[in-house]
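Enquirer: Below is a structure I'd like to ask you about.
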Amino acid sequence: MMRGAALGHWSAMRPHTSVGLLLNSAFVGISTVALPLALAERGTGKAGIAAFFVVAAVGSAVLNLSIGRRLLARGSPRWGIALCAAAAAVGMSMMCVPLPPQLTYPIALAIACNTVNYPQYMAIAAEHAESASRIGAARVICVLGYLAGLGLFSVATQARDATGISGLPLYAAVVVAVASALCAWLPREARPTRPPGGGGSARSNRRRSGVVVLVCFAAALLLLRSVDSLRQVYLPLYGYSLHLAPSTISAFFALTAVVEILVLVPVGIVADRLGNQRSFLVLSVLGGVSFLPLVAELNLPWLFLSQALYALFIAGFQSIGIVLMGEVLGSGAGGGALSYVVLAQAGTTLGVVMPIFAPGYTGSVFTAAVICCLISAALLLLGIRRDRRVGGEERRSVGGAACPQSC
(Lines give C-alpha, C1' and ligand atoms only; values in the text may rest on other atoms or scores of the structure.)
Protein backbone atom coordinates (compact mmCIF):
# COMPACT_ATOMS: atom_id res chain seq x y z
CA MET A 1 0.00 0.00 0.00
CA MET A 2 2.83 2.38 0.83
CA ARG A 3 4.57 1.63 -2.46
CA GLY A 4 1.35 2.07 -4.45
CA ALA A 5 0.68 5.44 -2.83
CA ALA A 6 4.24 6.54 -3.52
CA LEU A 7 3.96 5.59 -7.17
CA GLY A 8 0.65 7.42 -7.37
CA HIS A 9 2.22 10.63 -6.11
CA TRP A 10 5.19 10.05 -8.43
CA SER A 11 2.89 9.94 -11.46
CA ALA A 12 1.12 13.06 -10.18
CA MET A 13 4.34 15.09 -10.16
CA ARG A 14 4.93 17.36 -13.12
CA PRO A 15 8.06 16.72 -15.26
CA HIS A 16 9.66 19.84 -13.79
CA THR A 17 9.87 18.09 -10.41
CA SER A 18 10.28 14.41 -11.26
CA VAL A 19 12.70 14.82 -14.18
CA GLY A 20 14.53 17.59 -12.33
CA LEU A 21 15.11 15.36 -9.31
CA LEU A 22 16.16 12.51 -11.60
CA LEU A 23 18.76 14.60 -13.46
CA ASN A 24 20.01 16.27 -10.29
CA SER A 25 20.64 12.88 -8.69
CA ALA A 26 22.14 11.46 -11.90
CA PHE A 27 24.73 14.23 -11.83
CA VAL A 28 25.58 13.28 -8.24
CA GLY A 29 25.83 9.61 -9.20
CA ILE A 30 28.23 10.08 -12.09
CA SER A 31 30.39 12.64 -10.28
CA THR A 32 30.64 10.44 -7.16
CA VAL A 33 33.00 8.09 -9.00
CA ALA A 34 34.25 10.30 -11.83
CA LEU A 35 35.67 13.15 -9.76
CA PRO A 36 37.92 11.20 -7.32
CA LEU A 37 39.24 9.00 -10.13
CA ALA A 38 39.83 11.96 -12.44
CA LEU A 39 41.80 13.76 -9.74
CA ALA A 40 43.84 10.64 -8.95
CA GLU A 41 44.60 10.04 -12.64
CA ARG A 42 45.88 13.61 -12.88
CA GLY A 43 48.39 12.80 -10.16
CA THR A 44 46.65 14.76 -7.41
CA GLY A 45 47.82 13.56 -4.01
CA LYS A 46 45.68 12.45 -1.10
CA ALA A 47 45.79 15.86 0.58
CA GLY A 48 44.94 17.59 -2.71
CA ILE A 49 41.90 15.37 -3.30
CA ALA A 50 40.73 15.96 0.27
CA ALA A 51 41.18 19.72 -0.16
CA PHE A 52 39.10 19.64 -3.35
CA PHE A 53 36.14 18.04 -1.58
CA VAL A 54 36.54 20.22 1.51
CA VAL A 55 36.29 23.34 -0.66
CA ALA A 56 33.27 21.87 -2.43
CA ALA A 57 31.60 21.03 0.90
CA VAL A 58 32.24 24.41 2.51
CA GLY A 59 31.15 26.17 -0.67
CA SER A 60 27.98 24.08 -0.80
CA ALA A 61 27.07 24.98 2.78
CA VAL A 62 27.62 28.69 2.12
CA LEU A 63 25.68 28.56 -1.14
CA ASN A 64 22.71 26.80 0.47
CA LEU A 65 22.62 29.16 3.46
CA SER A 66 22.75 32.23 1.23
CA ILE A 67 21.44 31.59 -2.27
CA GLY A 68 19.49 28.44 -1.38
CA ARG A 69 17.51 30.11 1.42
CA ARG A 70 16.64 33.08 -0.77
CA LEU A 71 15.48 30.84 -3.59
CA LEU A 72 13.28 28.87 -1.18
CA ALA A 73 11.79 32.12 0.11
CA ARG A 74 10.96 33.13 -3.48
CA GLY A 75 9.28 29.83 -4.27
CA SER A 76 12.24 28.13 -5.98
CA PRO A 77 12.13 30.12 -9.25
CA ARG A 78 13.08 28.44 -12.53
CA TRP A 79 15.91 30.84 -13.26
CA GLY A 80 17.62 30.05 -9.95
CA ILE A 81 17.52 26.30 -10.53
CA ALA A 82 18.74 26.73 -14.11
CA LEU A 83 21.66 28.97 -13.12
CA CYS A 84 22.85 26.57 -10.41
CA ALA A 85 22.75 23.61 -12.80
CA ALA A 86 24.53 25.65 -15.49
CA ALA A 87 27.28 26.61 -13.03
CA ALA A 88 27.81 22.93 -12.23
CA ALA A 89 28.03 22.19 -15.97
CA VAL A 90 30.69 24.88 -16.40
CA GLY A 91 32.70 23.52 -13.47
CA MET A 92 32.57 19.95 -14.75
CA SER A 93 33.51 21.05 -18.28
CA MET A 94 36.62 22.74 -16.84
CA MET A 95 37.60 19.36 -15.36
CA CYS A 96 37.72 17.98 -18.91
CA VAL A 97 40.71 20.09 -19.99
CA PRO A 98 44.21 20.54 -18.54
CA LEU A 99 44.24 23.58 -16.26
CA PRO A 100 46.65 25.10 -13.72
CA PRO A 101 46.33 23.55 -10.24
CA GLN A 102 45.17 26.85 -8.72
CA LEU A 103 41.94 26.63 -10.73
CA THR A 104 40.99 23.35 -9.06
CA TYR A 105 39.24 25.06 -6.16
CA PRO A 106 37.06 27.43 -8.24
CA ILE A 107 36.03 24.32 -10.18
CA ALA A 108 35.01 22.64 -6.91
CA LEU A 109 32.87 25.67 -6.00
CA ALA A 110 31.18 25.68 -9.40
CA ILE A 111 30.33 21.97 -9.19
CA ALA A 112 28.99 22.52 -5.65
CA CYS A 113 26.27 24.78 -7.08
CA ASN A 114 24.39 21.61 -8.04
CA THR A 115 23.63 20.94 -4.35
CA VAL A 116 21.48 24.09 -4.14
CA ASN A 117 18.81 22.54 -6.36
CA TYR A 118 17.98 19.50 -4.23
CA PRO A 119 16.17 21.44 -1.44
CA GLN A 120 14.35 23.43 -4.14
CA TYR A 121 12.91 20.30 -5.74
CA MET A 122 12.06 18.80 -2.35
CA ALA A 123 10.16 21.95 -1.37
CA ILE A 124 8.25 21.89 -4.68
CA ALA A 125 7.43 18.18 -4.24
CA ALA A 126 6.09 18.81 -0.72
CA GLU A 127 4.03 21.92 -1.56
CA HIS A 128 0.86 19.99 -2.37
CA ALA A 129 1.11 17.14 0.11
CA GLU A 130 3.88 16.86 2.67
CA SER A 131 3.05 13.20 3.23
CA ALA A 132 4.95 9.94 3.42
CA SER A 133 3.85 8.83 -0.04
CA ARG A 134 4.63 12.16 -1.66
CA ILE A 135 8.08 12.50 -0.10
CA GLY A 136 8.70 8.77 -0.51
CA ALA A 137 8.07 9.11 -4.25
CA ALA A 138 10.68 11.86 -4.43
CA ARG A 139 13.10 9.60 -2.57
CA VAL A 140 12.62 6.79 -5.10
CA ILE A 141 13.27 9.22 -7.96
CA CYS A 142 16.50 10.38 -6.29
CA VAL A 143 17.80 6.83 -5.92
CA LEU A 144 16.86 5.92 -9.49
CA GLY A 145 18.62 9.03 -10.77
CA TYR A 146 21.72 8.23 -8.73
CA LEU A 147 21.71 4.69 -10.11
CA ALA A 148 21.30 6.04 -13.65
CA GLY A 149 24.31 8.29 -13.10
CA LEU A 150 26.43 5.33 -12.01
CA GLY A 151 25.29 3.36 -15.05
CA LEU A 152 26.14 6.28 -17.30
CA PHE A 153 29.61 6.42 -15.76
CA SER A 154 30.18 2.72 -16.53
CA VAL A 155 29.01 3.15 -20.13
CA ALA A 156 31.17 6.24 -20.60
CA THR A 157 34.19 4.45 -19.12
CA GLN A 158 33.79 1.50 -21.49
CA ALA A 159 33.38 3.89 -24.42
CA ARG A 160 36.56 5.69 -23.34
CA ASP A 161 38.48 2.42 -23.24
CA ALA A 162 37.15 1.42 -26.66
CA THR A 163 37.73 4.75 -28.41
CA GLY A 164 40.72 6.10 -26.51
CA ILE A 165 38.95 9.43 -25.93
CA SER A 166 39.91 10.52 -22.43
CA GLY A 167 37.45 12.38 -20.24
CA LEU A 168 34.27 10.78 -21.59
CA PRO A 169 32.80 10.21 -18.08
CA LEU A 170 33.31 13.91 -17.34
CA TYR A 171 31.72 14.88 -20.66
CA ALA A 172 28.72 12.73 -19.74
CA ALA A 173 28.39 14.61 -16.45
CA VAL A 174 28.42 17.91 -18.36
CA VAL A 175 25.58 16.70 -20.59
CA VAL A 176 23.52 15.71 -17.54
CA ALA A 177 24.08 19.11 -15.90
CA VAL A 178 23.07 20.95 -19.08
CA ALA A 179 19.93 18.81 -19.34
CA SER A 180 19.17 19.64 -15.70
CA ALA A 181 19.42 23.36 -16.46
CA LEU A 182 17.05 23.01 -19.42
CA CYS A 183 14.63 20.93 -17.34
CA ALA A 184 14.11 23.87 -14.99
CA TRP A 185 11.95 25.52 -17.68
CA LEU A 186 9.50 22.61 -17.95
CA PRO A 187 5.92 23.24 -16.71
CA ARG A 188 5.59 22.93 -12.94
CA GLU A 189 2.70 22.56 -10.54
CA ALA A 190 0.90 25.71 -9.48
CA ARG A 191 1.72 26.64 -5.91
CA PRO A 192 -1.22 26.01 -3.57
CA THR A 193 -2.53 28.78 -1.36
CA ARG A 194 -2.01 28.16 2.34
CA PRO A 195 -3.89 29.85 5.16
CA PRO A 196 -1.83 32.33 7.16
CA GLY A 197 -0.57 31.27 10.54
CA GLY A 198 0.10 27.67 9.51
CA GLY A 199 2.94 25.79 11.07
CA GLY A 200 2.16 26.68 14.68
CA SER A 201 2.19 23.01 15.61
CA ALA A 202 5.62 22.60 14.10
CA ARG A 203 6.92 25.55 16.09
CA SER A 204 5.51 24.11 19.30
CA ASN A 205 7.24 20.82 18.51
CA ARG A 206 10.45 22.76 18.18
CA ARG A 207 9.97 24.31 21.62
CA ARG A 208 9.23 20.94 23.22
CA SER A 209 12.28 19.33 21.67
CA GLY A 210 14.71 21.73 23.29
CA VAL A 211 18.22 22.78 22.41
CA VAL A 212 19.91 19.66 23.79
CA VAL A 213 17.80 17.36 21.62
CA LEU A 214 18.41 19.52 18.57
CA VAL A 215 22.18 19.54 19.15
CA CYS A 216 22.30 15.77 19.70
CA PHE A 217 20.32 14.97 16.57
CA ALA A 218 22.18 17.52 14.43
CA ALA A 219 25.59 16.29 15.63
CA ALA A 220 24.61 12.67 15.00
CA LEU A 221 23.38 13.56 11.51
CA LEU A 222 26.62 15.44 10.80
CA LEU A 223 28.74 12.47 11.90
CA LEU A 224 26.71 9.98 9.89
CA ARG A 225 26.96 12.20 6.84
CA SER A 226 30.72 12.35 7.35
CA VAL A 227 30.68 8.55 7.18
CA ASP A 228 28.85 8.66 3.86
CA SER A 229 31.21 11.26 2.39
CA LEU A 230 34.23 9.28 3.58
CA ARG A 231 32.88 6.29 1.68
CA GLN A 232 32.08 8.30 -1.43
CA VAL A 233 35.57 9.76 -1.67
CA TYR A 234 37.78 6.95 -0.38
CA LEU A 235 35.99 3.82 -1.58
CA PRO A 236 36.84 4.61 -5.26
CA LEU A 237 40.41 5.43 -4.23
CA TYR A 238 40.60 2.22 -2.18
CA GLY A 239 39.49 0.26 -5.23
CA TYR A 240 41.96 2.22 -7.36
CA SER A 241 44.79 1.21 -5.01
CA LEU A 242 43.72 -2.43 -5.39
CA HIS A 243 43.90 -2.02 -9.19
CA LEU A 244 40.20 -2.79 -9.58
CA ALA A 245 38.59 -1.83 -12.89
CA PRO A 246 36.54 1.40 -12.85
CA SER A 247 33.46 -0.64 -13.75
CA THR A 248 33.98 -2.77 -10.63
CA ILE A 249 34.32 0.33 -8.46
CA SER A 250 31.14 1.72 -9.98
CA ALA A 251 29.44 -1.62 -9.28
CA PHE A 252 29.96 -1.06 -5.54
CA PHE A 253 27.83 2.07 -5.67
CA ALA A 254 25.34 0.55 -8.13
CA LEU A 255 24.75 -2.43 -5.84
CA THR A 256 24.10 -0.11 -2.91
CA ALA A 257 21.60 1.92 -4.96
CA VAL A 258 19.74 -1.17 -6.20
CA VAL A 259 19.46 -2.68 -2.73
CA GLU A 260 18.41 0.70 -1.37
CA ILE A 261 15.45 0.82 -3.75
CA LEU A 262 14.41 -2.68 -2.67
CA VAL A 263 14.56 -1.90 1.06
CA LEU A 264 13.03 1.59 1.07
CA VAL A 265 9.52 0.33 1.83
CA PRO A 266 10.56 -2.29 4.44
CA VAL A 267 12.75 0.28 6.18
CA GLY A 268 9.79 2.68 6.20
CA ILE A 269 7.55 0.03 7.76
CA VAL A 270 10.11 -0.68 10.48
CA ALA A 271 10.49 3.05 11.12
CA ASP A 272 6.70 3.33 11.44
CA ARG A 273 6.79 0.82 14.27
CA LEU A 274 9.98 1.89 16.03
CA GLY A 275 9.68 5.65 15.44
CA ASN A 276 12.20 7.92 13.75
CA GLN A 277 14.47 8.35 16.74
CA ARG A 278 14.90 4.67 17.58
CA SER A 279 15.25 3.76 13.91
CA PHE A 280 18.00 6.35 13.54
CA LEU A 281 19.80 4.79 16.50
CA VAL A 282 19.61 1.27 15.03
CA LEU A 283 20.78 2.49 11.63
CA SER A 284 23.83 4.23 13.09
CA VAL A 285 24.99 0.92 14.59
CA LEU A 286 24.24 -0.90 11.33
CA GLY A 287 26.33 1.64 9.43
CA GLY A 288 29.35 0.93 11.62
CA VAL A 289 28.98 -2.81 11.10
CA SER A 290 28.89 -2.38 7.31
CA PHE A 291 32.40 -0.88 7.33
CA LEU A 292 34.04 -3.74 9.22
CA PRO A 293 34.84 -5.83 6.07
CA LEU A 294 36.59 -2.77 4.61
CA VAL A 295 38.60 -2.19 7.78
CA ALA A 296 39.59 -5.87 7.83
CA GLU A 297 40.51 -5.69 4.10
CA LEU A 298 38.55 -8.84 3.26
CA ASN A 299 38.24 -10.18 -0.29
CA LEU A 300 35.97 -8.89 -3.06
CA PRO A 301 32.79 -10.87 -2.21
CA TRP A 302 32.91 -9.50 1.33
CA LEU A 303 33.28 -5.98 -0.04
CA PHE A 304 30.15 -6.39 -2.14
CA LEU A 305 28.33 -7.80 0.90
CA SER A 306 29.39 -4.78 2.95
CA GLN A 307 27.95 -2.44 0.32
CA ALA A 308 24.65 -4.33 0.31
CA LEU A 309 24.51 -3.96 4.10
CA TYR A 310 25.43 -0.29 3.76
CA ALA A 311 22.32 0.18 1.59
CA LEU A 312 20.12 -0.52 4.62
CA PHE A 313 21.94 2.19 6.53
CA ILE A 314 21.83 4.83 3.82
CA ALA A 315 18.18 4.16 2.89
CA GLY A 316 16.98 4.90 6.40
CA PHE A 317 19.59 7.46 7.40
CA GLN A 318 18.90 9.88 4.57
CA SER A 319 15.13 9.45 4.68
CA ILE A 320 14.71 9.80 8.42
CA GLY A 321 17.36 12.52 8.72
CA ILE A 322 15.40 15.07 6.70
CA VAL A 323 12.16 14.30 8.52
CA LEU A 324 13.77 14.65 11.95
CA MET A 325 15.39 17.97 11.09
CA GLY A 326 12.14 19.29 9.63
CA GLU A 327 10.24 18.26 12.78
CA VAL A 328 12.77 19.53 15.31
CA LEU A 329 13.22 22.85 13.50
CA GLY A 330 9.53 23.14 12.61
CA SER A 331 10.44 24.00 9.03
CA GLY A 332 8.77 21.29 6.94
CA ALA A 333 10.30 19.22 4.14
CA GLY A 334 11.90 22.15 2.31
CA GLY A 335 13.53 23.56 5.43
CA GLY A 336 14.43 20.06 6.61
CA ALA A 337 16.12 19.38 3.28
CA LEU A 338 18.00 22.68 3.47
CA SER A 339 19.15 21.94 7.03
CA TYR A 340 20.14 18.45 5.94
CA VAL A 341 22.21 19.78 3.03
CA VAL A 342 24.04 22.28 5.25
CA LEU A 343 24.79 19.65 7.90
CA ALA A 344 25.70 17.21 5.15
CA GLN A 345 28.32 19.55 3.74
CA ALA A 346 29.82 20.10 7.18
CA GLY A 347 29.88 16.32 7.54
CA THR A 348 31.46 16.01 4.12
CA THR A 349 34.31 18.26 5.22
CA LEU A 350 34.87 16.12 8.29
CA GLY A 351 34.62 12.90 6.31
CA VAL A 352 37.26 13.76 3.73
CA VAL A 353 39.70 15.14 6.32
CA MET A 354 39.56 12.36 8.94
CA PRO A 355 41.53 9.71 6.98
CA ILE A 356 44.30 12.11 5.91
CA PHE A 357 46.79 10.65 8.39
CA ALA A 358 45.96 7.02 7.61
CA PRO A 359 48.61 5.34 5.44
CA GLY A 360 47.71 5.44 1.75
CA TYR A 361 44.31 4.10 0.73
CA THR A 362 44.29 0.98 2.89
CA GLY A 363 41.35 -0.34 4.87
CA SER A 364 42.49 1.68 7.87
CA VAL A 365 40.95 4.83 6.35
CA PHE A 366 37.51 3.37 7.13
CA THR A 367 38.22 2.97 10.85
CA ALA A 368 37.10 6.57 11.34
CA ALA A 369 33.71 5.66 9.84
CA VAL A 370 33.14 2.96 12.45
CA ILE A 371 34.10 5.35 15.26
CA CYS A 372 31.76 8.07 13.94
CA CYS A 373 28.85 5.63 13.79
CA LEU A 374 29.41 4.61 17.41
CA ILE A 375 29.65 8.24 18.59
CA SER A 376 26.48 9.14 16.70
CA ALA A 377 24.69 6.20 18.34
CA ALA A 378 25.71 7.54 21.76
CA LEU A 379 24.49 11.04 20.84
CA LEU A 380 21.17 9.70 19.60
CA LEU A 381 20.70 7.69 22.79
CA LEU A 382 21.36 10.84 24.82
CA GLY A 383 18.97 12.86 22.67
CA ILE A 384 16.19 10.29 22.93
CA ARG A 385 16.47 10.13 26.71
CA ARG A 386 16.54 13.92 26.96
CA ASP A 387 13.50 14.21 24.71
CA ARG A 388 11.56 11.83 26.92
CA ARG A 389 12.69 13.65 30.04
CA VAL A 390 11.31 16.98 28.81
CA GLY A 391 8.06 15.31 27.80
CA GLY A 392 8.60 15.07 24.04
CA GLU A 393 6.67 12.23 22.49
CA GLU A 394 8.30 9.75 20.15
CA ARG A 395 7.67 11.21 16.68
CA ARG A 396 5.73 9.12 14.22
CA SER A 397 7.72 8.06 11.20
CA VAL A 398 6.48 9.78 8.08
CA GLY A 399 9.16 8.58 5.67
CA GLY A 400 11.36 11.09 3.89
CA ALA A 401 13.73 11.79 1.11
CA ALA A 402 17.31 12.79 0.65
CA CYS A 403 20.07 13.20 -2.04
CA PRO A 404 22.78 10.42 -2.36
CA GLN A 405 25.76 12.98 -2.02
CA SER A 406 25.60 14.48 -1.58
CA CYS A 407 23.62 15.86 -2.59
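The values are calculated or read from the model by the stated rules, or taken from the named source; none is laboratory data. As the structure is a prediction and not an experimental result, all values here were calculated from the model. When we count neighbours, we look across all protein chains shown, and the Cβ atoms used for this are built from the backbone with ideal geometry, even at glycine.
Enquirer: Could you grab the pairs with beta carbons closer than 7 Å, sequence gap of 6+ or different chains, first residue in region 52-80 and assigned by TED's automatic domain parsing to the domain that holds S31, second one of a type in the set (F, W, Y) and in a helix (DSSP H, G or I)?
Expert: Close Cβ pairs satisfying both conditions: V55/Y105.
Enquirer: So, in region 64-123, how many residues would count as being outside any helix (DSSP H, G or I), aliphatic (A, V, I, L, M) and crowded, with 20+ Cβ neighbours inside 10 Å? Walk me through how you get there before you give the answer.
Expert: Just the residues of region 64-123 that are outside any helix (DSSP H, G or I), to begin with: 74-77, 95-100.
After this cut, where a residue has to be aliphatic (A, V, I, L, M) as well, the list is 95, 97, 99.
After this cut, where a residue has to be crowded, with 20+ Cβ neighbours inside 10 Å as well, the list is 95.
Total meeting the criteria: 1.
Enquirer: Just checking, does region 277-290 include any residue being modelled with pLDDT of 90 or more and closer than 15 Å to Q232 by Cβ?
Expert: Taking every residue of region 277-290 in turn, at least one turns out to be modelled with pLDDT of 90 or more and closer than 15 Å to Q232 by Cβ.
Enquirer: To continue, here is another question. Out of the residues in region 263-285 meeting the condition of being within 18 Å of the chain's Cα centre (by Cα) and among the aliphatic types (A, V, I, L, M), tell me which one is farthest from Y240 (Cα to Cα).
Expert: V267
Enquirer: Here's another thing I want to ask about it. If we keep just the residues of region 158-179 that are among the hydroxyl-bearing types (S, T, Y) and in a helix (DSSP H, G or I), which is modelled with the lowest pLDDT?
Expert: Residues of region 158-179 among the hydroxyl-bearing types (S, T, Y): 163, 166, 171.
Remaining after also requiring in a helix (DSSP H, G or I): 163, 171.
Values: T163: 88, Y171: 94.
That would be T163.
Enquirer: In addition: Among (1) touching a helix residue (DSSP H, G or I) at 6+ places or on another chain (Cβ under 6 Å); (2) surrounded by fewer than 23 Cβ atoms within 10 Å (Cβ to Cβ), where does L244 come up short?
Expert: Against the list (1) touching a helix residue (DSSP H, G or I) at 6+ places or on another chain (Cβ under 6 Å); (2) surrounded by fewer than 23 Cβ atoms within 10 Å (Cβ to Cβ), L244 comes up short only on (1).
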